[in-house]
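The values are calculated or read from the model by the stated rules, or taken from the named source; none is laboratory data. These numbers were taken from a predicted model, which means no experiment stands behind them. No Cβ is skipped: glycine too gets one built from the backbone with ideal geometry, and neighbour counts run over all protein chains shown.
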């Protein structure tokens, strides 16, 4: 059974894509390591953090970029602690994410709390699900989450840690967020890959660069999601018209909106 298409207004869809791929609020300069770009920062970030002129970063002319000095993972760990102590990091998670060069090769890891101020690209995975009658299973994010609290989301969504493959992250997130094993769903398939680049709503000097792999499946009758990690306020199987109204009211996260449009979006 396929879900009915979400008949979304073309103007709203154009607005979504503009919001999901837009320039930073303020100019940014490259962040590099050994000549390889790994992110971007506002030019004065390290001065604000008291790191300029220290042993961890240096300004490079004429490249007009900041460069991380020393071994990458330990240096980024020290930078992360300084940014946290100066109030320039996001919520601390004790979770390491991969740091890649522009070709996608993993160079090291970094604490999740500083990927947005450092403009380091992240990878996420989402799972969209329908029921046998074509309803859309979605979750409402917990109201105390540090990012997009209370907004609606895909059934499952999360960042891929440094030690996980996308498939491993999908299995782990599906259990932690929805209490489901992938063996319980039907017709699981990889749906596609999306890219979002946009200012980070929760941190004025943050910038999101994220690759999203999304998967689709059907939840059979009698298979019900149940949150395990406290990060979900609740689940709902929405009719397509209800999901459409909430999408157009921007009650879903940008990432979830992109995925749902890719999976089910149409024009009215």
Worksheet entry | Filtered residues of segment 100-127 (kept if modelled with pLDDT of 95 or more and over 17 Å from residue 210 (Cβ atoms)) | 107, 108
Worksheet item: Before we move on, is residue 234 in a strand (DSSP E or B) and either touching a residue at least 24 places away in the same chain (Cβ under 8 Å) or within 30 Å of residue 120 (Cβ to Cβ) (or both)?
Response: yes
Item to complete: Could you figure out which of (1) closer than 20 Å to residue 178 by Cβ; (2) modelled with pLDDT of 95 or more; (3) outside any strand (DSSP E or B) isn't true of residue 203?
Response: (1)
Worksheet item: How about segment 30-72: which of its residues are touching a residue at least 24 places away in the same chain (Cβ under 8 Å), part of a helix (DSSP H, G or I) and surrounded by fewer than 17 Cβ atoms within 10 Å (Cβ to Cβ)?
Response: 48
Worksheet item: Within segment 256-264, can one find any residue that is surrounded by fewer than 17 Cβ atoms within 10 Å (Cβ to Cβ), modelled with pLDDT of 95 or more and within 21 Å of the chain's Cα centre (by Cα)?
Response: no
Response to the item:
(1) touching a residue at least 60 places away in the same chain (Cβ under 8 Å); (2) touching a helix residue (DSSP H, G or I) at 6+ places or on another chain (Cβ under 7 Å); (3) not in a strand (DSSP E or B) all hold for residue 127 apart from (3)
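Given the structure, is residue 97 assigned to a strand (DSSP E or B), at pLDDT 95 or above, under 30 Å from residue 187 (Cα atoms) and in contact with a helix residue (DSSP H, G or I) (Cβ under 9 Å, 6 or more places away or on another chain)? Can you show your working first?
Numbers: assigned to a strand (DSSP E or B): yes; at pLDDT 95 or above: yes; under 30 Å from residue 187 (Cα atoms): yes; in contact with a helix residue (DSSP H, G or I) (Cβ under 9 Å, 6 or more places away or on another chain): yes.
When the stated conditions are applied, residue 97 passes them.
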Practice prompt. Keeping to segment 155-190, report how many residues are crowded, with 18+ Cβ neighbours inside 10 Å and closer than 16 Å to residue 130 by Cα.
Written response: 7
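Could you please let me know if residue 117 is in contact with a strand residue (DSSP E or B) (Cβ under 8 Å, 6 or more places away or on another chain), under 25 Å from residue 238 (Cβ atoms) and assigned to a loop (DSSP other than H, G, I, E, B)? Break it down stepwise before answering.
Working: in contact with a strand residue (DSSP E or B) (Cβ under 8 Å, 6 or more places away or on another chain): yes; under 25 Å from residue 238 (Cβ atoms): no; assigned to a loop (DSSP other than H, G, I, E, B): yes.
Considered against the rule, which asks whether it is in contact with a strand residue (DSSP E or B) (Cβ under 8 Å, 6 or more places away or on another chain), under 25 Å from residue 238 (Cβ atoms) and assigned to a loop (DSSP other than H, G, I, E, B), residue 117 comes out as no.
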Fill in: Answer from 173, 168, 210, 177 - the residue that is closer than 30 Å to residue 84 by Cα, modelled with pLDDT of 95 or more and in a strand (DSSP E or B)
210
Practice prompt. Those residues that are surrounded by fewer than 15 Cβ atoms within 10 Å (Cβ to Cβ), within 30 Å of residue 58 (Cβ to Cβ) and over 19 Å from the mean Cα position of the chain (by Cα), I need them from segment 2-29; list them, please.
Written response: 26, 27
Item to complete: Consider residue 178 carefully, then state whether it is without any contact (Cβ under 8 Å) to a residue 60 or more places away in the chain, outside the structural domain of residue 84 (by TED's automatic domain parsing), under 14 Å from residue 126 (Cα atoms) and in contact with a strand residue (DSSP E or B) (Cβ under 7 Å, 6 or more places away or on another chain).
Response: yes
